[in-house]
1. What is the one condition in (1) modelled with pLDDT of 90 or more; (2) out of contact with any Cys (no Cβ under 7 Å at 6 or more places or on another chain); (3) over 30 Å from Phe171 (Cβ atoms) that Ile102 does not satisfy?
2. Hey, among the residues in the range 66-83 that are among the aliphatic types (A, V, I, L, M) and surrounded by fewer than 14 Cβ atoms within 10 Å (Cβ to Cβ), which one's nearest to Ser112 (Cα to Cα)?
3. Looking only at the range 84-106, which residues are surrounded by 17 or more Cβ atoms within 10 Å (Cβ to Cβ) and either without any contact (Cβ under 8 Å) to a residue 60 or more places away in the chain or part of a loop (DSSP other than H, G, I, E, B) (or both)?
4. Suppose we filter Ile117, Ile147 for residues that are aliphatic (A, V, I, L, M) and over 30 Å from Glu58 (Cα atoms); which single one remains?
5. Is at least one residue of the range 49-64 over 27 Å from the mean Cα position of the chain (by Cα) and not in a strand (DSSP E or B)?
6. Being in the same structural domain as Phe219 (by TED's automatic domain parsing), surrounded by fewer than 21 Cβ atoms within 10 Å (Cβ to Cβ) and assigned to a helix (DSSP H, G or I), is that true of even one residue in the range 148-155?
7. Could you list all residues from the range 229-244 that are free of Cβ contacts under 8 Å to residues at least 24 places away in the same chain, part of a helix (DSSP H, G or I) and under 21 Å from Met169 (Cβ atoms)?
8. Output the residues belonging to the range 133-165 that are within 10 Å of the chain's Cα centre (by Cα) and aliphatic (A, V, I, L, M).
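The values are calculated or read from the model by the stated rules, or taken from the named source; none is laboratory data. Owing to the predicted nature of the structure, the values given are computational and were not obtained by experimental measurement. Please note: Cβ atoms are built from the backbone with ideal geometry, for glycine as well, and neighbour counts cover all protein chains shown.
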Amino acid sequence: MRYKIKLMSKIRLFCDESLEEKKEIHIDGDNFHYLSNVMRCNIGTTIFLFNEKDGEFESKILKKMKKNIILIIYKRIQYQKLKNTFHLAFCAPKSNKLDTLIQKCTEIGVNSFIPVISDHTENRKLNINRLKKIIKEAVEQSNQIHIPDIYKPISFKNFVNNIEEKDCMVFFADIQSNISFPKLKIDNTNSNIIFIGPEGDFSVNELNILRKKNKFVSFTLGKRILRSETAAISSLVLFNSTQD
């Protein structure tokens, strides 16, 4: 005789109020809909709550009503962690590709997202609130605690000028660079930015500017021409490997 075993996935929710053992948390709105109608949770179901300040806690559903759920926190299972030191500056592709870039890079681990408007940027008007929702859901899914910031789009000129005033390095993808990733000198004690260009690459003028700046270092991902979201994901995996 064969038995079908239904495995319940780990349910995690970001909670912006303070978390501590024995505290009751009231859940309503979208999170109530998710727990009640999507995950079909009942009294006694384990829910993991987290935020950057307090870490992650195990809780259970204490009461379930028509429009809200009450959780009781039992114990802390994870303390807050150090943030990833890498930020991702990128020239936004079209919406479906942008969603993939934001979701996958969040899952891999990134400190923040910096949208930059270059000469060839396709998507210049971003729905920041929608992207924040994608980020939050990706953090919940990937068992992380830090929720990356995403800033309002900044012009290429202002982005480059701002870097001159900061204590950081920018590593920008350049197919013509002769520096492969293993040859890069990366100091993880400082803040570092990975900069990925648009689908049509940086303009000739932009590349000339980047190549002349002391705080900007080029690197190549090989001779294949990658989509911007593929380049961003690949780069982040490589750079994050230096922190393990």
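1. (3)
2. Of the range 66-83, the ones among the aliphatic types (A, V, I, L, M) are 69-73, 77, 82.
From what is left, the residues that are surrounded by fewer than 14 Cβ atoms within 10 Å (Cβ to Cβ) are 77, 82.
Numbers: Ile77: 25, Leu82: 13 Å.
Across the range 66-83, the extreme among qualifying residues is Leu82.
3. Asn84, Thr85, Cys91, Ala92, Pro93, Ile102, Gln103, Thr106
4. Answer to the selection: Ile117.
5. Quick first cut of the range 49-64, residues over 27 Å from the mean Cα position of the chain (by Cα) only: 60-64.
Narrowing the set further to residues that are not in a strand (DSSP E or B) leaves none.
Checking the range 49-64: not a single residue is over 27 Å from the mean Cα position of the chain (by Cα) and not in a strand (DSSP E or B).
6. Checking the range 148-155: not a single residue is in the same structural domain as Phe219 (by TED's automatic domain parsing), surrounded by fewer than 21 Cβ atoms within 10 Å (Cβ to Cβ) and assigned to a helix (DSSP H, G or I).
7. The initial filter retains those residues of the range 229-244 that are free of Cβ contacts under 8 Å to residues at least 24 places away in the same chain, namely 230, 234, 241, 244.
From what is left, the residues that are part of a helix (DSSP H, G or I) are 230, 234.
Correct list: Ser234 only.
8. Across the range 133-165, the qualifying residues are Ile134, Ile135, Ala138, Val139, Ile147, Ile150.
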